[in-house]
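Chemist: Mind looking over this structure? Questions follow.
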Amino acid sequence: MTTSSTRTKAHTPSERTHRSQTAPRTAKSPVERQKAVSRPPAIGQREAAWPERVLGAAELSSVQDFAAYQRDVLERMILFWDTLRERANNMLQHERAGLPPLLDFKYETLLDARRFERPANYALLRITEVGEDCWDDCVDLEKPPVIVFDPRAGHGPGIGGFKRDSQVGVAMREGHPVYFVIFFPEPVPGQTLDDVQHALRRFIEEVARRHPGKPPVLYGNCQAGWAVTLLSADCEGLVGPAVLNGSPISYWAGEPGVNPMRLAGGLLGGAWLAHLTADLGDGRFDGAWLAQNFETLKPEKAIFEKYVHLFANIDTERERFLDFERWWNGFYFLSREEIIAIVENLFIGNKLEEGQVRICEGCWADLRRIRNPLVIFASYGDNITPPHQALGWIPVVYKDTDDLRRAGQRIIYLTNPHVGHLGIFVSARVARLEHRAILESLDEIEALAPGLYEMKIDNPSGDPDCHKPSYSVRFEPRNVEDLKADYPRDAFERVRQVSEMSEAFYSTFVRPWVQSLTTPWSAEMLKWLHPMRSSRYLLSEAFNPGIRGLALLAETVAQNRQSLPASHPLIERERAAFAATGEVLENGRKARDAAYEQAFGLLYGDTSRGGARNG
């Protein structure tokens, strides 16, 4: 901006009038205007650059900011799509490799259940190394072994140990011998839940044999949590404490308008759709459907915010995104028999808390038989397994606190106020605090008198890496009565009846035609046409050779990248725009969920009566 060392003389009103009368202004020609612009500055003045002389300082700053932002957006867009290209390549490479477990630890296979008399697609691993540290350097044989069970809910195994700050990593650092239960992409033909439970029981017996006098600690994540619950009821006296992380046991419980997943079975007409999907898959149920259900449950979080976060932080989030997506996009199959049993007995039948799930011939899962302590970890930010579903079974099995005490059982629950479903297993911060606190408190847990307790972690520093006594753990007695759920059981009973009728109709009149038209070729075609796969692999070089040019362009951009600071005014506006869009999507999802509630109520009965009350 041009400055002057002399101040222009002010004129009185009369002088200004006289000047306007005697010397009227005339329009300057383009040549004169150019001369005025080109006139050399007076002494003491600096010469302004030409954009500043034409635009002015404020306008120039805006133009420069806009140009820098446009360059930054273009660079981020190139790097963003290149990341999706690499994700697609990783997905196909992982598929060609046979979808091995994504563990960040070296291991050896001890038992392969595919070779059992009653085969199942499971195996037992022993973790042998953490980085450069071997078993002998890490393990304290005086501590009980830990067996980590990952969920078989659409994805492959590894979420409990796909990075160092994980359940496996924390347990190894605490000195526990660690074992990991994996499963393979394809189920054994005709495999049932009974076959799986027998295989898992043999795994527990093998670990107990290797560590006599040290009953193993069972760590069950999500779907694996109810499997661990069944094992606890079946392996009385054989196992130590069982930790259930985000594990649904009471499937009908939930808060109206907040947990719509419990209504899905009724709105879809029961288990027949899962049966149809498995028949179209030539006897296999594609886990990609379960992953898609997860993403559509909260699309503003699972889809929109995930990609927005990557785009906005492409310089720092690329590798973290790719590491997680290697696991997220590896879809495994369940057998027809497994998925139908899961849907009928758990999601729709809610039979686990009622003791009606069959373990084997003549043997049923009675949760009152569980004697090993149960540690239940749930989160109020989890819309897959809210605390209602993780804890609602307790007052069903035990009528009051005295009943629980008379049974000699100890149940401890721990809640997080905000972490999402996957964060319970994936979050490094949760692993370094909550999961470490659980493992460090095992002796205190086993020493508790029978009853219900809430585990509280006092961590004044807020540092998840702090150690005792920087943080402390206490167990506060609670009442079973405070966990009672108030939900319309009659409505869900009608869902069960409708499901049984629709399943009978499908099995009798439709299934024979579906099976006659289904071939291994058609099942494989449907697999690769699934949107959870096609939306990924279409960006790979195998399906789109022209995208290789994007990789070269992204490499050039990365070498010369100069990102804008977070305080840049247009970056701040971008964040505000993304947040506003997320709010619109969230409001749309809430409207959809409200419509689900209304439709379910019209079909089966009122669902407005509340959820579980957590003490």
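Laboratory data are not the source of any read-out in this text; all were calculated from the coordinates shown. Since we're looking at a predicted model, the values are computed, not measured. Neighbour counts run over all protein chains shown; Cβ positions are idealised from the backbone, glycine included.
Chemist: What FRET efficiency comes out for GLU572 versus MET501 if R0 is 56 angstrom and r is the Cβ-Cβ distance? Round to the nearest 0.05. Don't jump to the answer; show the numbers that get you there.
Modeler: Numbers: r = 57 Å, r/R0 = 1.01.
Once the sixth-power term is evaluated, E becomes 0.50.
Chemist: If you take the charge dipole of the chain about its Cα centre, with +1 on Lys and Arg Cβ and -1 on Asp and Glu Cβ, which of PHE377, HIS309, SER502 is farthest toward its positive end?
Modeler: HIS309
Chemist: Give me the extension gain from GLU541 to TRP528: residue separation times 0.36 nm, minus the current Cα-Cα distance, reported in nm with one decimal. Show your work: numbers first, answer last.
Modeler: Details: separation 13, 0.36 × 13 = 4.68 nm, distance 1.62 nm.
Extra length available between GLU541 and TRP528 comes to 3.1 nm.
Chemist: What ranking do PHE321, PHE377 get, fewest neighbouring Cβ atoms within 10 angstrom at the top? It would help to have the intermediate numbers written out before the result.
Modeler: Working: PHE321 21, PHE377 27.
Ascending Cβ contact count within 10 Å gives the list PHE321, PHE377.
Chemist: Which number comes out as Rg/Rh for the range 449-518 once both Rg and the Kirkwood Rh are worked out on C-alpha atoms? Each step should come with its number before you reach the end.
Modeler: On the way: Rg = 25.4 Å, Rh = 17.9 Å.
The Rg/Rh ratio comes out at 1.42.
Chemist: Do the sum for the chain: with -39,500 (n - 2.57) for every DSSP H run of n ≥ 4, divided by all residues, what is the mean residue ellipticity at 222 nm, to the nearest 500 deg cm²/dmol? Kindly include the intermediate steps, with their values, before the conclusion.
Modeler: Details: 26 runs with 277 residues, N = 615.
After summing the helix terms and dividing by residue count, I get -13500 deg cm²/dmol.
Chemist: Same structure again: For ALA264 paired with ASN459, estimate the spin-label separation in nm (one decimal), with each label point 7 Å from Cα along the Cα-to-Cβ line.
Modeler: Between ALA264 and ASN459, the label points sit 3.0 nm apart.
Chemist: Take the cross-link list LYS163/LYS351; LYS306/LYS590; LYS143/LYS301; LYS106/LYS298 and give me the ones stretching past 30 Å between alpha-carbons. Don't skip to the answer; put the middle values down first.
Modeler: Details: LYS163/LYS351 35 Å; LYS306/LYS590 19 Å; LYS143/LYS301 40 Å; LYS106/LYS298 35 Å.
Over 30 Å apart, Cα to Cα: LYS163/LYS351; LYS143/LYS301; LYS106/LYS298.
Chemist: Using a 10 Å cut-off around each Cβ, can you sort LYS298, LYS590 from fewest to most neighbouring Cβ atoms? Could you put the intermediate results ahead of the total?
Modeler: Working: LYS298 19, LYS590 14.
Exposure proxy ranking, most exposed first: LYS590, LYS298.
Chemist: Once amide H atoms are placed 1.01 Å from N in the peptide plane, what residues at a sequence separation of 5 or more from GLU129, or on another chain, have their amide H within under 5 Å of its amide H?
Modeler: Placed amide hydrogens put LYS106 under 5 Å from GLU129.
Chemist: A follow-up question, please. How many nm is it between the label spots at GLU317 and ALA595, if each spot is 7 Å from the Cα in line with the beta carbon?
Modeler: Placing both labels 7 Å beyond Cα along the Cβ direction yields 2.9 nm.
Chemist: Bin width 10 Å, origin at 0, all Cα-Cα pairs of the range 236-374: what percent of pairs per bin?
Modeler: For the range 236-374, the binned pair fractions read 9, 28, 32, 23, 7, 1 percent.
Chemist: Starting from the Kirkwood radius over alpha-carbon pairs of the range 464-603, derive D by Stokes-Einstein at 20 °C in a medium of 1.002 mPa s and give it in µm² s⁻¹. Spell out each step's value before the answer.
Modeler: Values: Rh = 23.8 Å.
Translational D for this selection: 90 µm²/s.
Chemist: Using only the alpha-carbon atoms, what does the chain span along each of its principal axes? Please give whole angstrom values in decreasing order.
Modeler: Principal extents (Cα only, largest first): 115, 65, 53 Å.
Chemist: So what is the relative contact order for the chain, in percent, with contacts set as C-alpha pairs under 8 Å and at least six apart?
Modeler: Values: 1027 pairs, mean separation 110.4, N = 615.
Normalised by residue count, the contact order of the chain is 18 percent.
Chemist: In whole Å, what are the Cα extents of the range 107-244 along the three principal axes, biggest one first?
Modeler: Principal-axis extents of the range 107-244 (Cα, largest first): 42, 31, 26 Å.
Chemist: Cα-based Rg of the range 383-445 per 2.2 N^0.38 Å, rounded to two decimals? Write out the running numbers ahead of the final one.
Modeler: Working: Rg = 14.1 Å, N = 63, 2.2 N^0.38 = 10.6 Å.
Against the compact-globule rule of thumb, the ratio is 1.33.
Chemist: Let me ask you something else. What is the gain in length, in nm to one decimal, between THR581 and THR277 on full extension, counting 0.36 nm per residue of separation less the C-alpha to C-alpha distance? Please list the in-between numbers first.
Modeler: On the way: separation 304, 0.36 × 304 = 109.44 nm, distance 3.41 nm.
Full-extension gain reported as 106.0 nm.
Chemist: So if each residue of separation counts as 0.36 nm, and I subtract the Cα-Cα distance between LEU603 and ASP104, what length gain in nm does that give?
Modeler: On the way: separation 499, 0.36 × 499 = 179.64 nm, distance 4.79 nm.
Between LEU603 and ASP104, full extension yields an extra 174.8 nm.
Chemist: Suppose we look only past 18 Å in the calculated P(r) of the range 163-251. What percent of the Cα-Cα pairs does that tail hold?
Modeler: 49
Chemist: Quick check on the range 324-382: take the gyration tensor over C-alpha atoms, sort the square-rooted eigenvalues as a ≥ b ≥ c, and tell me if it's rounded (a/c under 1.5), prolate or oblate.
Modeler: Verdict is oblate for the range 324-382.
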